[in-house]
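K.L.:
Below is a structure I'd like to ask you about.
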Amino acid sequence: MSPPDSARSASHHLLQALLDRGIEYLFCNLGTDHAPLIEELARWRAEGRETPKLVLCPHENTALHMAGGYACATGQGQAVLVHVDAGTANAAMGLHNLFRARLPVLLMAGRAPATTFGQVEGGRDTYVHFIQEPFDQASVARPYVKWEYTLGWPSMAAEVIARADAVMQTEPRGPVYLMLPREVLAAPCPPAELAELPAARHAAVPAGHGDPALVRAVAQRLVDSEDPLLVTAYAGRRPGAVALIERLALLTGMRVCEFNSVHLNIRRDSPCFGGFQPGPFAERADFGLLLDVDVPWIPRTTRVNPRAYWAQMDVDAIKRDIPMWSFAADARFEGDSEAMLAQLIEAVEALATPDFRRRAGARLERLTREHAERSARVARAAEDPGAVGAINPHYLCAALGRALDAHDIVLNEAIRNTLAVFEQIPRSQPGTLVGLPGGGLGFSAGMALGMKLAHPQRRVVHVVGDGTFYFGNPSSVYAVSRAHGLPIFTVVLDNSGWSAVKESVLRMYPQGHAHASDEFASLLPEGTDFAAIAQAGGAHGERLSDPREAEAAIARCLQALDAGRSALLHARIAPL
């Protein structure tokens, strides 16, 4: 029998608050601290009530990144539920990545019971309850969240969820962390203590526009320039910004470059797209616009034109969570890049003269020629197929690019082969490309699952290196894929090691002892069969060593994917 409303627990009101805030999914890795929530969910099902949809994940890394992938695809933050300090520790790497991606996710972790002698329901009743209570559980998550809190009183459950949701959805968006003591989850909430919390009156704060006078001043600088440059990484998280970037570029004859792309920001066949290395162009540009980008170039190797005028438009202009950030700008705006781009376009059009349009048209003609030359270089990079056991990654990625549709989603976590993926698998539609924003490898597999959950009719492909594949917890990924009918396509570019580690040593010590001995501590064990790992999880697995078989292997993987089964292509590229 269901208890009267007076006996409804904090767990009840927490779950209801999640639904009230539009949080549909709970990505879970559960433990003994969640007993009150599990019981309440069972009660709801017995009563025929709608519950949040549970996605059980064998590893927290999968859960965090699935929630991130869903939020990335839909804009709506979801919730993750993990187990006390241990689950928080396993989730921390995912938090790091989602924090740098500015994705809204509510990470909830139980807290070990505090009471020992049976004073209240939910107290300690097993060994781990004594050893899973650290002095500062939140310290594990604190560097990677916008907000942290502990549910301290049962009747505050809905209020705390409202606060968490508003904070994570407010720009710049990001993860938040909530700890849930077991005794509090189990405790009843007297109706007299409950407050009305309508979502419309406890909403997130949207990002604003730029100051009109300052926008006009920047527009005048742009109109007067001879060699303008726009650098971006994540403006495309707002789909409408993609068309506006190209509109501004075509209007002004401005080159657009991406650096460490997080989203597609301009279609790759646009004549204004200048590639992924803005540094050389920054050295000669007389006007620059930093648009939603954390690192526009590497200052150590880039000599920016000291006479250039630079403006910055960013949802996080001050980079409040990067302790040192020293990229100069003459004008800074913080707000909604889509809205600010529209303002800038309007201001430029108002200032445009026949002379400006003539100069912009001449630049556009030059950019069109340069784009064609660059496209030819990219195509030439894919001509050599490589050799058996040493496939050219550009050749393989070009074959994959030809096999994909325009609306298919590609996640790039290929690390040292990142450019091969970006250049050879060109995307043109907003939302079809996601790159790694943080430094925690093992990002793309869970993200791919979350994006597939959001877009079940679209193919989702993620490309990784062999080192990255290990970090992605593949056994967890394929278990979730099979259990929830979320097929994804994994391409492993296997060079038998950590190329990034080796290259880092060579950058610092090009003629050092490591170079002389060819010892970089970067080789991984040979012989691991990644296709077999996927097959053990119910996926289709392919092993590719001969580049002549690439197109056929890709076709078989996509055939399995389209039939509803995950697929993995283990490709042997040139070893370290």
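The values are calculated or read from the model by the stated rules, or taken from the named source; none is laboratory data. The structure presented is a predicted model; accordingly, all values stated were derived computationally and were not measured. FYI the Cβ positions are ideal-geometry reconstructions off the backbone, even for glycines, and counts take in every protein chain you see. With ligands, DNA and RNA removed, areas are computed over all heavy atoms of the protein, side chains included. Shrake-Rupley method; radii C 1.70, N 1.55, O 1.52, S 1.80 Å.
K.L.:
Quick one: is residue 537 open to solvent by less than 60 Å² (accessible area, probe 1.4 Å) and either free of Cβ contacts under 8 Å to residues at least 12 places away in the same chain or closer than 25 Å to residue 94 by Cα (or both)?
P.N.:
Criteria met by residue 537.
K.L.:
Name the single residue, out of those in the stretch 161-174 being touching a residue at least 40 places away in the same chain (Cβ under 8 Å) and open to solvent by 30 Å² or more (accessible area, probe 1.4 Å), that is nearest to the chain's Cα centre (by Cα).
P.N.:
Per the stated criteria, the residue is 173.
K.L.:
With respect to residue 39, is the statement that it is surrounded by fewer than 17 Cβ atoms within 10 Å (Cβ to Cβ), touching a residue at least 12 places away in the same chain (Cβ under 8 Å) and not β-branched (Val, Ile, Thr) true? Step through it out loud before you land on a result.
P.N.:
Numbers: surrounded by fewer than 17 Cβ atoms within 10 Å (Cβ to Cβ): yes; touching a residue at least 12 places away in the same chain (Cβ under 8 Å): yes; not β-branched (Val, Ile, Thr): yes.
Criteria met by residue 39.
K.L.:
For residues that are open to solvent by 10 Å² or more (accessible area, probe 1.4 Å) and of a type in the set (A, V, I, L, M, F, W, C), scanning just the stretch 18-31, find the one that is farthest from residue 160 (Cα to Cα).
P.N.:
Restricting to residues being open to solvent by 10 Å² or more (accessible area, probe 1.4 Å) and of a type in the set (A, V, I, L, M, F, W, C), the top hit is 30.
K.L.:
Answer yes if at least one residue in the stretch 432-445 is among the β-branched types (Val, Ile, Thr) and closer than 18 Å to residue 72 by Cβ, and no otherwise. Full working, then the answer.
P.N.:
So in the stretch 432-445, the residues among the β-branched types (Val, Ile, Thr) come out as 432, 434.
Okay, now just the ones that are also closer than 18 Å to residue 72 by Cβ, so 432, 434.
For the stretch 432-445, residues among the β-branched types (Val, Ile, Thr) and closer than 18 Å to residue 72 by Cβ: present.
K.L.:
Please name all residue pairs, on different chains or six or more residues apart, with Cβ atoms under 9 Å, provided the first residue is in the stretch 97-116 and is without any contact (Cβ under 8 Å) to a residue 12 or more places away in the chain and the second residue is in a strand (DSSP E or B).
P.N.:
Pairs that qualify, where the first residue is without any contact (Cβ under 8 Å) to a residue 12 or more places away in the chain and the partner is in a strand (DSSP E or B): there are none.
K.L.:
Would you be able to say whether some residue in the stretch 463-483 is open to solvent by 20 Å² or more (accessible area, probe 1.4 Å) and of a type in the set (S, T, N, Q)?
P.N.:
There is at least one residue in the stretch 463-483 that is open to solvent by 20 Å² or more (accessible area, probe 1.4 Å) and of a type in the set (S, T, N, Q).
K.L.:
In the stretch 106-120, which residue that is not small (Gly, Ala, Ser) and not in a loop (DSSP other than H, G, I, E, B) is surrounded by the fewest Cβ atoms within 10 Å (Cβ to Cβ)?
P.N.:
Once the filter is applied, the top-ranked residue is 111.
K.L.:
Considering only the stretch 210-303, give the helices (runs of 4 or more DSSP H) lying wholly within it that have at least 1 residues that are without any contact (Cβ under 8 Å) to a residue 60 or more places away in the chain and within 30 Å of residue 508 (Cα to Cα).
P.N.:
The helices (runs of 4 or more DSSP H) meeting that bar are 279-282.
K.L.:
Residue check, residue 432 against (1) surrounded by fewer than 16 Cβ atoms within 10 Å (Cβ to Cβ); (2) in contact with a strand residue (DSSP E or B) (Cβ under 9 Å, 6 or more places away or on another chain), all met but one. Which one?
P.N.:
Just one mismatch for residue 432, condition (1).
K.L.:
Of everything in the stretch 436-469, what is assigned to a strand (DSSP E or B) and on the phi > 0 side of the Ramachandran plot? Give them in sequence order.
P.N.:
None - no residue of the stretch 436-469 is assigned to a strand (DSSP E or B) and on the phi > 0 side of the Ramachandran plot, so the list stays empty.
K.L.:
If you go through the stretch 198-216 one residue at a time, do you hit one that is within 30 Å of residue 35 (Cα to Cα) and open to solvent by 50 Å² or more (accessible area, probe 1.4 Å)?
P.N.:
Checking the stretch 198-216: at least one residue is within 30 Å of residue 35 (Cα to Cα) and open to solvent by 50 Å² or more (accessible area, probe 1.4 Å).
K.L.:
Go through (1) closer than 30 Å to residue 456 by Cα; (2) crowded, with 21+ Cβ neighbours inside 10 Å; (3) of a type outside the set (A, V, I, L, M) and name the single condition residue 495 misses.
P.N.:
Result: residue 495 fails condition (1) only.
K.L.:
Give 81, 95, 103 a once-over and let me know the one that is surrounded by 24 or more Cβ atoms within 10 Å (Cβ to Cβ), aliphatic (A, V, I, L, M), assigned to a strand (DSSP E or B) and on the phi < 0 side of the Ramachandran plot.
P.N.:
Criteria check complete, one pass: 81.
K.L.:
Another question, then. Please pick out the residue among 349, 338, 370 that is closer than 28 Å to residue 170 by Cα, out of contact with any Phe, Trp or Tyr (no Cβ under 7 Å at 6 or more places or on another chain) and part of a helix (DSSP H, G or I).
P.N.:
On the way: 349 fails: closer than 28 Å to residue 170 by Cα; 370 fails: closer than 28 Å to residue 170 by Cα.
Step by step, each of 349, 338, 370 is checked, and only 338 is closer than 28 Å to residue 170 by Cα, out of contact with any Phe, Trp or Tyr (no Cβ under 7 Å at 6 or more places or on another chain) and part of a helix (DSSP H, G or I).
K.L.:
Within the stretch 221-233, can you find the residues that are surrounded by 15 or more Cβ atoms within 10 Å (Cβ to Cβ) and closer than 18 Å to residue 353 by Cα?
P.N.:
Of everything in the stretch 221-233, those that are surrounded by 15 or more Cβ atoms within 10 Å (Cβ to Cβ) and closer than 18 Å to residue 353 by Cα turn out to be 221, 222, 223, 225, 227, 228.
K.L.:
Give me the residue from the stretch 51-76 that is part of a helix (DSSP H, G or I), open to solvent by 10 Å² or more (accessible area, probe 1.4 Å) and hydroxyl-bearing (Ser, Thr, Tyr) and, out of that set, nearest to residue 28 (Cα to Cα).
P.N.:
Checking each candidate, the answer is 70.
K.L.:
To continue, here is another question. Select from the stretch 498-524 the residues that are within 14 Å of residue 465 (Cα to Cα) and of a type in the set (Gly, Ala, Ser) and write down the one among them that is most open to solvent (accessible area, probe 1.4 Å).
P.N.:
Looking at residues that are within 14 Å of residue 465 (Cα to Cα) and of a type in the set (Gly, Ala, Ser), I get 500.
K.L.:
Could you run through the stretch 187-196 and say how many residues are open to solvent by 20 Å² or more (accessible area, probe 1.4 Å) and within 21 Å of residue 81 (Cβ to Cβ)? First the steps, then the outcome.
P.N.:
Kept after step one, since they are open to solvent by 20 Å² or more (accessible area, probe 1.4 Å), are these residues of the stretch 187-196: 187-188, 190-196.
Among the residues that remain, those that are also within 21 Å of residue 81 (Cβ to Cβ) are: 187.
Going through the stretch 187-196 one residue at a time, the tally reaches 1.
K.L.:
Quick one: how many residues across the stretch 331-349 are open to solvent by 40 Å² or more (accessible area, probe 1.4 Å) and either within 23 Å of residue 99 (Cα to Cα) or in contact (Cβ under 8 Å) with a residue 40 or more places away in the chain (or both)?
P.N.:
5
K.L.:
While we're looking at this one, here's another question. Tally the residues that are polar (S, T, N, Q) and open to solvent by 60 Å² or more (accessible area, probe 1.4 Å), restricting the search to the stretch 362-407.
P.N.:
Qualifying residue count for the region: 1.
K.L.:
In addition: Can you tell me which residue in the stretch 243-254 is nearest to residue 451 (Cα to Cα), limited to those that are open to solvent by less than 10 Å² (accessible area, probe 1.4 Å) and touching a helix residue (DSSP H, G or I) at 6+ places or on another chain (Cβ under 6 Å)?
P.N.:
248
K.L.:
Restricted to the stretch 305-324, and to residues that are free of Cβ contacts under 8 Å to residues at least 60 places away in the same chain and open to solvent by less than 50 Å² (accessible area, probe 1.4 Å), which residue is farthest from residue 287 (Cα to Cα)?
P.N.:
322
K.L.:
Please state which one of 480, 460, 501 is within 18 Å of residue 575 (Cβ to Cβ), among the β-branched types (Val, Ile, Thr) and within 26 Å of the chain's Cα centre (by Cα).
P.N.:
Step by step, each of 480, 460, 501 is checked, and only 501 is within 18 Å of residue 575 (Cβ to Cβ), among the β-branched types (Val, Ile, Thr) and within 26 Å of the chain's Cα centre (by Cα).
K.L.:
Working carefully through the options 177, 149, 144, find the one that is open to solvent by 10 Å² or more (accessible area, probe 1.4 Å), of a type in the set (Ser, Thr, Tyr), in contact with a strand residue (DSSP E or B) (Cβ under 9 Å, 6 or more places away or on another chain) and under 30 Å from residue 235 (Cβ atoms).
P.N.:
Among 177, 149, 144, only 144 is open to solvent by 10 Å² or more (accessible area, probe 1.4 Å), of a type in the set (Ser, Thr, Tyr), in contact with a strand residue (DSSP E or B) (Cβ under 9 Å, 6 or more places away or on another chain) and under 30 Å from residue 235 (Cβ atoms).
K.L.:
Could I ask something else about it? Checking residue 183 against (1) among the acidic types (Asp, Glu); (2) under 32 Å from the mean Cα position of the chain (by Cα); (3) surrounded by 18 or more Cβ atoms within 10 Å (Cβ to Cβ), only one condition comes out false. Which one?
P.N.:
With respect to (1) among the acidic types (Asp, Glu); (2) under 32 Å from the mean Cα position of the chain (by Cα); (3) surrounded by 18 or more Cβ atoms within 10 Å (Cβ to Cβ), residue 183 is out only on (2).
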